[in-house]
Every structure is written in structure tokens, then in C-alpha cells.
Amino acid sequence: MKLRTIVAAPILKGTHVLIRIDSDVDVTAGKIVGESAYRLDSALPTLKFLLGKKAVVTLMGHRGRPAGNVDKKLSLAPVQKYLENKLKTKLNFLPNVRFDSREEKNDSSFARELAQGQEIFINESFATAHRKHASTHAITKILPSFAGLQFEKEVHELSCVRDAAEAPISLIIGGAKIETKVPVISKFLKQAEHIFIVGAAANAFLVAAGYDVGGSYVDAVSVRAARKLIKHDTVFLPVDMVIGTITGAKKFRTIAVADNKKLCGANEANFDMGPATLIMISEMLASSKTILWNGPAGKFEQQPFHLGTERIARMLARAGRGGACVVAGGGETVTSILHNKMSRGFTHISTGGGAMLAFLGGAKLWAVDVLEQK
Ligand code: ADP
Ligand code: 3PG
Ligand code: MG
């Protein structure tokens, strides 16, 4: 898949360039929260490229889901401040595009307003590439449009994994939003050697396998999906787990997922994968040439349930340094990799969550489609 990219765009000194960035980041007390700056940092090479050409740059983006209402808490001011500090220059910013209800309707009158006075559009927002919105789709019908450097890298790296991954392939799928992960699991069911299901996602599979997971996070839709997927011999579930009491007490214990079908009581939940699962995954992964990871292995925000996720991050960084192609993505997954300072070794860390999963699952991404050289 070849995109029209910024490198080929007719950008000269003084050209008015409108750029859509990934600005959906966490903010606390007006500051970008730690790892969530990754999305902003990823846009810096493109912004430097434009500023280097002395283009007149205007940035636009969104934060959160304000549903067409102006919500000061979701303003782009902290994003502007962060990027101005990094680039050591003042920047022009449009307000959060989702403050206007026409954005999510892909409204062409809104796209025309955004394009006012602009000559070129650059899309540097891969994380919204699965959305058909005015600032990512309708705008491309108005201005000559090109992909930013990170956007192109995302499409290139993820295409390699989706279409030309070197076997043996392994997937580690965890986290909570299992419905968004089913297309990726389905796409790789036959092609992959191993698909390890961890995190809260494993609960649905364990229920589908007849286990009682007590008070663990699980939903009926995911269990239905898991029932179909679990039949495949490439799908592997945790062999042990760390369970704790739901009420917040700091008691926890490691149990084996064995013949006893009752894993935990109603006031207990599975909060992390156990050490035997880590050993199983690391032994089976050893020969993998391509590894894809999405979704933490446990409730990593709460110690000691961070251990499974931290160890996966470390194991995959090592596999990448050993020569495997290791790709990871998803908001919380990326947070855990960066928090543990494990990014060195990963071949690609995606800025996309839903967009990456949709792309790898084989869906057409609206904003990619309109930038493709046909
Ligand atoms: P990502 O953003 O990386 O795609 P998800 O959004 O699917 O991942 O899920 C991340 C969330 O899943 C984290 O907030 C984490 O606390 C939660 N999680 C993972 N495993 C468990 C578990 N066993 N029990 C409860 N929450 C879990
Ligand atoms: C993301 O955080 O994945 C993107 O910003 C897309 O957000 P959305 O799911 O609200 O469209
Ligand atoms: Mg998430």
C-alpha cells in the first residue's frame, strides 16, 4: 500500500499547511500525563519538517468525546503548550474539532471552514484513521492531502505485520476491550503459531472453557466470541493467575488454572497472569520471528498486579533485540512499555489503539484509504 506523503507535497516557504495531529492525550492539572505524550512526540519530526521548510503551519486535533459541545476541560491548550515548548516556537491551533458536532458527521461545510486559507492538508493522526470525520476524511476532498511521517510509518510497519509477517508468528492479546480485539485474533487464527490470551480478556475465554471466574471482569458478548475462538489449537490461555479480593483489601494469591473449575469466589477476581504463564509464553515465543502485543496482562495500574505486564514488556524488548519483529500498540499497552523504559527493542510502537486493531484485523481505514496512491 503506497500513500501520498508529505515528502512529495508541494510545500514551499510561506505555503499554508493544515495538519491534523493525534492530540487525544491524558491531561492532569493542565499537564500532559507522562507516557501519553508519546502521541505528541511522534508528530515532532513532521512538525520540524514543516517548520524547516518555513511553511505557515496550523494544527488541529481532538481530545476526548465532547459530542459537539465546548468543554473547557478538553481544550487543546495543554497540547499547544507542550508542543510549543518542544519546538521552541509559537504555534497556530484550531479549537478541539469535536467541539463542533459537524466533525463526527464528516460534514463538508465544516471541512471547508477548517480549510479556509489553507493550501495543503497533512494527516498525522493515525489513531483516528478508522474514523470518517471532517478533519480526517471530508477535508481531503477540499485540499491536496498527504500523510505525515508517523502516519506513513504506521501504515508501513502495520502492513508488514498484516500482509507479510515472517513466520512463526505469535500474538499476545490482553487488556479489557475484547470486542475490539476479536478481528485481529480471527485474522491470525490459522496463520499464527500461538495466540496467548491474557489480562481481563482471558476471563471470557476461561468462562467459555467452563471455569468459574467469580467476581472477575467479564461480559456476555465476549464470552460468545470466545466460545468460537477457543476451539482453535493456536489459542492458549493462562495456566496460572494472581487473584485478589474485589473490595480493595491488599490480599492476593497465585492459583493454578487446573481441573478444579472454580477459580475464584464471588468477592475475588483475576487481576494478573501468574509466573507459570510467563514461563509458558517465553518458552513458546522463543522461536517467533514476528510478535504482536496488544493489551496489558493484568490490572497493571495497581501493584502488585503490574508484574505480568512488566515482564511481558521486558521479554518482548529482549526478543526484539534478538532479531524478532516486535510490534505493540494500544493506549495502556504503550503506557506500560514506556513506563518500564522498555521501548528499545520494539520494532514499532503504534500511536493507534482502535485504529491499529482495525487495520491489523483487515478493515479498511477511512483516512488511510483517501491518502492511498491508486
Ligand atoms: P489497550 O489500551 O492497551 O488496548 P485495553 O484498553 O484493552 O488495552 O485494556 C487496558 C485495561 O485493562 C487496563 O486499564 C487494565 O487495568 C485492564 N486489565 C487488564 N487485565 C485486567 C484484569 N485481569 N482485571 C481487571 N482489569 C484488567
Ligand atoms: C484514540 O484514542 O484511540 C483515538 O483518539 C480515537 O478516539 P475515539 O475512539 O474517541 O474516536
Ligand atoms: Mg485502552
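Bear in mind that the values in this text are calculations on the coordinates, not laboratory data. For clarity, every value in this text was computed on a predicted model and none was experimentally measured. Reconstructed Cβ throughout: ideal geometry from the backbone, glycine too, with neighbour counts over all protein chains shown.
Values for this structure:
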{"read-out": "Sorted by Cβ neighbour density within 10 Å, fewest at the top, the residues His16, His194", "value": "His16, His194"}
{"read-out": "Shape of the stretch 122-273, Cα gyration tensor, a/c cut at 1.5", "value": "prolate"}
{"read-out": "Mean-position separation - Cα centroids, the stretch 344-361 and the stretch 150-164, in angstrom", "value": "9"}
{"read-out": "Within the stretch 1-123: Cβ-based charge dipole about Cα centre, in debye rounded to nearest 20 (Lys, Arg +1; Asp, Glu -1)", "value": "400"}
{"read-out": "Proximal aspartates and glutamates relative to Lys88, as straight alpha-carbon distance under 15 Å, when same-chain residues fewer than 8 apart are discounted", "value": "Asp41"}
{"read-out": "At most 11 other Cβ within 10 Å, DSSP loop - trypsin sites (Lys or Arg not before Pro), the stretch 173-260", "value": "Lys190, Lys231, Lys250, Lys251"}
{"read-out": "Likely footprinting exposure, Arg65, Arg20, Arg314, fewest C-beta neighbours within 10 Å first", "value": "Arg65, Arg314, Arg20"}
{"read-out": "Two-site FRET efficiency, Ala266 against Ser159, from Cβ-Cβ distance with R₀ of 51 Å, rounded to 0.05", "value": "0.65"}
{"read-out": "Part-to-part distance (alpha-carbon centres) for the stretch 190-269 and the stretch 1-71, which is given in Å", "value": "40"}
{"read-out": "Rounded tilt (10° steps) of 220-229 against the dominant C-alpha axis of the chain", "value": "80"}
{"read-out": "Residue exposure sequence - Thr254, Thr234 - by fewest surrounding Cβ within 10 Å", "value": "Thr254, Thr234"}
{"read-out": "Over the chain, equivalent-ellipsoid semi-axes from the Cα gyration tensor in Å", "value": "39, 22, 19"}
{"read-out": "Pairs from Lys2/Lys364; Lys251/Lys299; Lys31/Lys341; Lys31/Lys81 whose Cα-Cα separation, in the structure shown, is over 18 Å", "value": "Lys31/Lys341"}
{"read-out": "Surface/4 of the Cα convex hull for the stretch 220-361, nm²", "value": "9.4"}
{"read-out": "Contact order relative to length of the stretch 1-131, as percent, for alpha carbon pairs under 8 angstrom and 6 or more apart", "value": "35"}
{"read-out": "Crossing angle, helix 307-321 versus the chain [Cα axis fit, 0-90 degrees, rounded to tens]", "value": "60"}
{"read-out": "Cα-based Kirkwood hydrodynamic radius, the stretch 211-285, one decimal, Å", "value": "13.4"}
{"read-out": "Separation in nanometres of the label points that stand 7 Å from Cα toward Cβ, at Ser109 and Arg318", "value": "6.0"}
{"read-out": "Length released on extending from Ala167 to Glu301, taking residue separation times 0.36 nm less the Cα-Cα span", "value": "44.9 nm"}
{"read-out": "Surface/4 of the Cα convex hull for the stretch 1-111, nm²", "value": "8.1"}
{"read-out": "Net charge of Cβ neighbours under 11 Å - reference Gln373; Lys, Arg +1; Asp, Glu -1", "value": "+2"}
{"read-out": "Helix 275-285 vs. the chain, principal-axis angle (Cα, 0 to 90°, nearest 10)", "value": "60"}
